[in-house]
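What follows is a set of notes on a single structure, which appears directly below.
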Amino acid sequence: MFRGNKINLRIMEKEDIPTYAKWMNDPDFVGEFFIPFPRSVAAVEKKFDEEQPDSATFIIEAKDGTPVGWITHFMTRFGGYMSTKEIGYMLVPDHRRKGFCTEAVTMMVDYLFLDKEWQRIQALIMEENVASKRVLEKNGFKKEGVLRKVLFSVGRFRDLALYGILRDEWKEPKILPHGVK
Ligand SMILES: CC(C)(COP(=O)(O)OP(=O)(O)OC[C@H]1O[C@@H](n2cnc3c(N)ncnc32)[C@H](O)[C@@H]1OP(=O)(O)O)[C@@H](O)C(=O)NCCC(=O)NCCS
């Protein structure tokens with residue numbers, strides 16, 4: 001469990017799968033840039049059981065213990081020979097605009113840079129996703145470029161903006177305990 005000021009992050013457990021599957025099947029939860037991902041609890045459980053080295057999903061909890069979303073990190077490969085750490089996140093609509101996602105990303109970046117020798121962390125977001133863009137900018141991510149018409153989502157090909165933060169730009173942990181290096 002990582003304790004923040006507004007939220008905590010705890011690793012996702014099997015017991016969270018029904019909630020996660022319900023969230024991902026809810027148009028309001030996935031938001032305007034995605035269509036729901038209808039998968040049965042059994043299908044999500046099967047994927048959850050498969051070993052996924054260098055990836056993990058955390059449940060974002062409000063301070064009273066209410067699950068309010070998820071944040072994940074994983075290795076993404078491109079060009080056949082490069083790989084980098086990437087993050088993704090979603091919050092339940094009733095708990096948006098409270099700064100929860102911003103803090104979840106702050107903690108995830110602290111965790112990844114404290115824990116591993118990654119040089120960079122990236123996020124790929126829809127160009128029009130203003131909320132996600134703000135979350136990343138507030139955490140020091142820089143826009144690195146645009147992949148034009150790379151993802152088909154909600155009926156059309158969309159541009160994805162690539163954001164990244166380097167270890168040198170992060171400098172030091174903002175929330176997780178100092179001196180853990
Ligand atoms: C993107 C998302 C995770 C942001 O979560 P959140 O907890 O509401 O974000 P925060 O409260 O930390 O807000 C961060 C910033 O974005 C702004 N913001 C949040 N929602 C916004 C919106 N709908 N429009 C414009 N700005 C918005 C906030 O005002 C804040 O900026 P500020 O401090 O300058 O005012 C959430 O909107 C969401 O789950 N959306 C649907 C799924 C999704 O798109 N996930 C991202 C995929 S890449």
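List of remarks:
So that you can scan it fast, the table gives a plain yes or no per residue for (1) of a type in the set (Lys, Arg); (2) free of Cβ contacts under 8 Å to residues at least 12 places away in the same chain; (3) more than 23 Å from Val30 (Cβ to Cβ):
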| site | (1), (2), (3) |
| --- | --- |
| Pro93 | no, no, no |
| Arg96 | yes, no, no |
| Val105 | no, no, no |
| Met108 | no, no, no |
| Phe113 | no, no, yes |
| Ile125 | no, no, no |
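- The range 150-159, subset within 21 Å of Pro27 (Cβ to Cβ) and open to solvent by less than 100 Å² (accessible area, probe 1.4 Å), residue farthest from the chain's Cα centre (by Cα): Gly155
- Residue that is most open to solvent (accessible area, probe 1.4 Å) [pool: residues in the range 48-79 that are modelled with pLDDT of 95 or more and among the charged types (D, E, K, R)]: Asp64
- Complete set of residues in the range 95-149 that are within 16 Å of the ligand (Cβ to nearest atom), in a loop (DSSP other than H, G, I, E, B) and open to solvent by 60 Å² or more (accessible area, probe 1.4 Å): Arg96, Arg97, Lys98, Glu127, Glu128
- Among residues of the range 143-155 that are free of Cβ contacts under 8 Å to residues at least 60 places away in the same chain, those with a Cβ under 9 angstrom from a residue that is open to solvent by 90 Å² or more (accessible area, probe 1.4 Å), sequence gap 6+ or separate chain, pair up as Arg148/Phe157; Lys149/Arg156; Lys149/Phe157; Val150/Phe157; Leu151/Phe157; Gly155/Ile35.
The values are calculated or read from the model by the stated rules, or taken from the named source; none is laboratory data. Model, not experiment: these values are computed from the prediction. Quick reminder, even Gly has a Cβ in these numbers, built from the backbone with ideal geometry, and neighbours come from all protein chains shown. These area figures cover heavy atoms from the full protein model, side chains too; ligands, DNA and RNA do not enter into them. Shrake-Rupley method; radii C 1.70, N 1.55, O 1.52, S 1.80 Å.
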